[in-house]
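Engineer: Quick one: structure below, then a few questions.
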Amino acid sequence: MKKLLLLFSITPLYFFSQKEYTREDSLKYTYFAIKSPIFSTIDPVISTAPIFFEYRHEQKYAIEAGYFFLIPQIFPEVKGKENQKLTKFKAEAKRYYNDEFYVGLEYGRLEYQYDFYNDYYTSLIDFETYKYDKATISKSVHIFNLKVGVEYIWKRNHNVIFDLFIGVGGRHVDIKYSDVINREPFVFPFVEGDIDGISRNANYDIAEHRKLRGNMTLGFKVGYKLWSRF
């Protein structure tokens, strides 16, 4: 996290120090671009390959939408999940100020389902903890963020875009267990490792719940203009 914050702080200074062209030359037109977040695959729970598209109208307004494709987990220690299904997307409306600085409103949706074996969970119905042989876990998340960012167009190639942003908001998380096989009471729910035949593996969603939580987003995207006009 410290390295990411340092990158977020230093990168704009480098980009702006390299400018040798006017903002009018590079920004005052409409364009359609493809983008990709640099750090989205680095996720210990779900590894994805996201693709975003942005349409910016002249200087002031833009809309951006992205879809996240599920890919094989890049962390070898994460194991135990089978039959994974993922639907994840984000959409954002932006208002630009001073050509490069923008404020955005973002909405995100995640629907994630998978099977897990030989573990435990806490029920939302009776708040008791049970072990099981197999269960299907469904996770639904709605995210709302208010973001600020800087979108910089590279001086050496005006088709290349760098987008740095940070934001805060909220998310509603709903986790459910279904198709639970051989459910039995479990006495020691919060101890890691193998206990009474329970292997924790890497299932982090061990409790059914519906909660509203705070959310923070921080990231860096690289993009390329597919089409533009003055």
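Engineer: Which condition number does G169 fail, the rest of (1) modelled with pLDDT under 90; (2) small (G, A, S); (3) under 24 Å from the mean Cα position of the chain (by Cα) being met?
Structural biologist: Only one criterion in (1) modelled with pLDDT under 90; (2) small (G, A, S); (3) under 24 Å from the mean Cα position of the chain (by Cα) is unmet by G169, namely (1).
Engineer: So which of I143, I125 ends up being over 30 Å from Y29 (Cα atoms), of a type in the set (A, V, I, L, M) and at pLDDT 95 or above?
Structural biologist: On inspection, the qualifying residue turns out to be I143.
Engineer: So, in region 141-163, of the ones that are outside any strand (DSSP E or B) and basic (K, R), which residue ends up surrounded by the fewest Cβ atoms within 10 Å (Cβ to Cβ)?
Structural biologist: Among them, the one singled out is R156.
Engineer: Which of the residues spanning region 137-153 are in contact with an Asp or Glu (Cβ under 9 Å, 6 or more places away or on another chain), more than 30 Å from S123 (Cβ to Cβ) and not charged (D, E, K, R)?
Structural biologist: Filtering region 137-153 for residues in contact with an Asp or Glu (Cβ under 9 Å, 6 or more places away or on another chain) gives 137-147, 149-153.
Within this subset, residues satisfying the condition of being more than 30 Å from S123 (Cβ to Cβ) are 145-147, 149-153.
Those that are in contact with an Asp or Glu (Cβ under 9 Å, 6 or more places away or on another chain), more than 30 Å from S123 (Cβ to Cβ) and not charged (D, E, K, R): N145, L146, G149, V150, Y152, I153.
Engineer: Is it fair to say Y102 is at pLDDT below 95, within 21 Å of I51 (Cα to Cα) and buried (at least 17 other Cβ atoms within 10 Å of the Cβ)?
Structural biologist: no
Engineer: Condition first: part of a strand (DSSP E or B) and at pLDDT below 70. Now tell me which residues in region 172-213 satisfy that.
Structural biologist: I195, I198 - these are the residues of region 172-213 that are part of a strand (DSSP E or B) and at pLDDT below 70.
Engineer: So, L110, is that one within 26 Å of Q84 (Cα to Cα) and within 18 Å of the chain's Cα centre (by Cα) or not?
Structural biologist: Working: within 26 Å of Q84 (Cα to Cα): yes; within 18 Å of the chain's Cα centre (by Cα): yes.
Yes.
Engineer: Could I ask something else about it? Could you tell me which residue of region 69-99 is farthest from E151 (Cα to Cα), considering only residues that are surrounded by 15 or more Cβ atoms within 10 Å (Cβ to Cβ) and charged (D, E, K, R)?
Structural biologist: Restricting to residues being surrounded by 15 or more Cβ atoms within 10 Å (Cβ to Cβ) and charged (D, E, K, R), the top hit is K81.
The values are calculated or read from the model by the stated rules, or taken from the named source; none is laboratory data. On a predicted model such as this, the values are computed, not experimentally measured, just so you know. Using ideal geometry, Cβ is built from the backbone for each residue, glycine included, and neighbour counts are taken over all protein chains shown.
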